[in-house]
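The next block holds one structure in the form of structure tokens; read it before the comments.
The values are calculated or read from the model by the stated rules, or taken from the named source; none is laboratory data. Computed from a predicted structure; not experimentally measured. Neighbour counts are summed over all protein chains in view; Cβ atoms, including those assigned to glycine, are modelled from backbone coordinates with ideal geometry. Note: accessible area is taken over every heavy atom of the protein model, side chains too, but ligands, DNA and RNA are not part of it. Shrake-Rupley method; radii C 1.70, N 1.55, O 1.52, S 1.80 Å.
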Amino acid sequence: MSSKTNDSQKLDFGVGIPTSQLADGGMLAGRAGDEHVLLARRGEEVFAVGSVCTHYGAPLDGGLLVEDTVRCPWHHACFSLRTGEALRAPAFSPIPCYDVEQADGHIRVRARRAPVARRSLPARSGLPGSIVIVGGGAAGHAAAETLRNEGYDGRVTMLSADEAGPYDRPNLSKGYLAGTAPDSSNPLRSPEFYQAQDINLKLRAQVSVIDAKARHVELTDGTRYPYDALLLATGADPVRLNADDGRPPVHHLRTLADAHALTAEAVESRRAVVLGAGFIGLEVTASLRARGIAVHVVGPGAIPMQRVLGDDLGQHIQALHESRGVTFHLGTTAAAIGANGVMLKNGEVLQADFVVAGIGVRPNLTLARQAGLKLDRGVMVDTYLETSIPRIFAAGDIARWPDRLTGENFRVEHWVVAERQGQTAARNMLGQRERFDCVPFFWTEQYNLSLAYVGHAEGWDETEIDGNLAENDCTVTYRRGGEKVAAAFVHRDLAGVRAELEFERAMANRMLPT
């Protein structure tokens, strides 16, 4: 993502600046002592908060003020200017807040405020005594944190089939695989965090049965966990391939263990074949090229990512990879993988030290089906993310929800969407009746290309490019029936945040029945 630097970083807010220097609706980044501070003004009210997003460290002065909040330009986290609280994923940790003094026509930043105390839920009937979360990914983790942040003090149990605690999955195919981010950057929280928050995180926990009548889940070892409310967040599983004899080895990239194995392979190898020209496949390709590995990409379509991004942007990304030495084999797939290499259906044979299969994922619906939940290419949920069985909610890659803007039911496999669904589901398990009205958002980074995508377009009949795609500075708008349904932003971070807000306001004007 792009960064913003300007002379405002040199401003000393402790000494003070003229009030006229901060326009209404404006932001300035500077410092107060040794701390990086953002000043924001709404009318006569001036706020002082930390100037760096707690997710990936983006400069918040490049973001967007929306009422009394600031939105991060990179990945669209949202923070309260009044309390510093992280209001929306992907950020969960707050930014600091500072006292502000306005006197003599100047604005001065004073002491840092104490962190906001955790909420305390008033005792009331109907509040669940025990909540079980099945799944330790984006949605499950977000739900567990949100339950505690909302002041819930009942039992919270997170049952994860993974061998590792919740981790930053988008990082696995980007910085971690490329070698630019350490292993320590992967965990979302430390084990001590879950202990301190009294979140009972069970790893390697294979759930075999959900008994909706008795309201308990049962593990394969026979252990039972009762619940008053349940969140099903089982995610998706990659479509897997097996080599004929294990040589060359075939890798998939979904879990942290997958990432460790693939990274170890990359350190010892020179040649790779990547099956799949979608986002995961091409992010893996860029990361492997950063390690100096020769990469051949195989994909069934004529243009990489054509179905999601269209012809122009797909061809641009392909050309970017080719300029970095990547060879594409499009319009074909692998027929066999064996000791002689990767045999393609078009007759080509590609030599490889290892293969990466990025050919898609399937929602993990086994437990949902066993529990008798209503399914339609995913778990059907209402606008509050509750399933067809009361007290059972679903979030993340498995959830198909009603979109307020189009009236259609969506299921998307986006990290930020899963986290925000986890947050909304948590509040609704506590009886808050919060609509899920998130605008889908994802991002990708490949070499020097940073692309953000806002909205959702399973189909469109018109695209429009504003800017210069060749110079990696443009917006691609997707329309269906003349209506804007999504947009992609190449190195235009602020425009992406503004588009998210535009879609939100359009949603607010198209309220659907409850």
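Data overview
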item	result
Three-way shape label, the stretch 379-455, alpha-carbon gyration tensor, a/c 1.5	prolate
Rg to Rh, two decimals, where the stretch 385-514 supplies the alpha carbon set and Rh follows Kirkwood	1.01
Beta bridges by DSSP in the stretch 244-383, antiparallel share as percent, to the nearest 5	30 percent
Cut-off 14 Å between beta-carbons: net charge of the residues surrounding Ala40, Lys and Arg +1, Asp and Glu -1	-2
Two-decimal log10 I(q)/I(0) for the stretch 149-219, as the Debye equation yields it once each C-alpha is a single scatterer, q = 0.12 Å⁻¹	-0.47
Rounded to 5, percent antiparallel among DSSP beta bridges of the stretch 1-147	95 percent
Value of [θ]222 nm, deg cm²/dmol, for the chain, DSSP H segments ≥ 4, -39500 (n - 2.57) each, nearest 500	-5500 deg cm²/dmol
Sequence-distant lysines (8 or more away, or on other chains) whose Cα lies within less than 24 Å of Lys374	Lys213
Environment charge of Asn428, counting only residues whose C-beta is closer than 14 Å and scoring Lys/Arg +1, Asp/Glu -1	-1
Rounded accessible area per residue of the stretch 232-359, 1.4 Å, Å²	41 Å²
Relative packing of peptides 228-235, 408-415 - highest average C-beta neighbours within 10 Å first	228-235, 408-415
Stokes-Einstein translational diffusion, the stretch 168-272 - Kirkwood Rh over all Cα pairs, 0.692 mPa s, 37 °C, in µm²/s	192 µm²/s
Fraction of accessible area attributable to carbon and sulfur, the chain (%, probe 1.4 Å)	46 percent
For the stretch 54-132: rounded, prolate or oblate by the Cα gyration tensor [a/c cutoff 1.5]	oblate
Label-to-label distance, nm, for residues given as Asp461 and Arg82 (7 Å Cα→Cβ offset)	4.6 nm
Dipole magnitude (debye, nearest 20) for the chain, charges at Cβ of Lys, Arg, Asp, Glu	1040 debye
Considering only the chain, percent of DSSP beta bridges that pair antiparallel, nearest 5	70 percent
The chain - Rg over Rh from alpha carbon coordinates, Kirkwood radius	0.98
Per residue accessible area in Å² of the stretch 93-168, where ligands, DNA and RNA are left out and the probe is 1.4 Å	43 Å²
Per residue accessible area in Å² of the stretch 441-505, where ligands, DNA and RNA are left out and the probe is 1.4 Å	40 Å²
Dimensionless Rg ratio for the stretch 91-199, taking C-alpha atoms and the 2.2 N^0.38 Å reference	1.44
Evaluated at q = 0.18, 0.20 Å⁻¹: base-10 log I(q)/I(0), Debye formula over Cα of the stretch 318-465	-1.07, -1.18
Reach of Lys174 by Cα under 23 Å, taken over lysines that are not fewer than 8 positions away in the same chain	Lys4
Assigned charges on the beta-carbon of Lys, Arg, Asp, Glu; the stretch 1-101 dipole about Cα centre (debye)	380 debye
Cα pair distances in the stretch 1-99, grouped into 10 Å bins until the bin that holds the longest one, percent each	18, 54, 27, 1
Against the rule of thumb 2.2 N^0.38 Å, how large the Cα Rg of the stretch 275-354 comes out	1.06
Net length gained if the chain between Asp376 and Asp12 were fully extended (0.36 nm per residue, minus Cα distance)	125.4 nm
Sequence-distant aspartates and glutamates (8 or more away, or on other chains) whose Cα lies within less than 16 Å of Lys10	Asp34, Glu35, Asp61
Full-stretch length increase - Asp473, Arg204 - with 0.36 nm per residue and alpha-carbon distance subtracted	92.4 nm
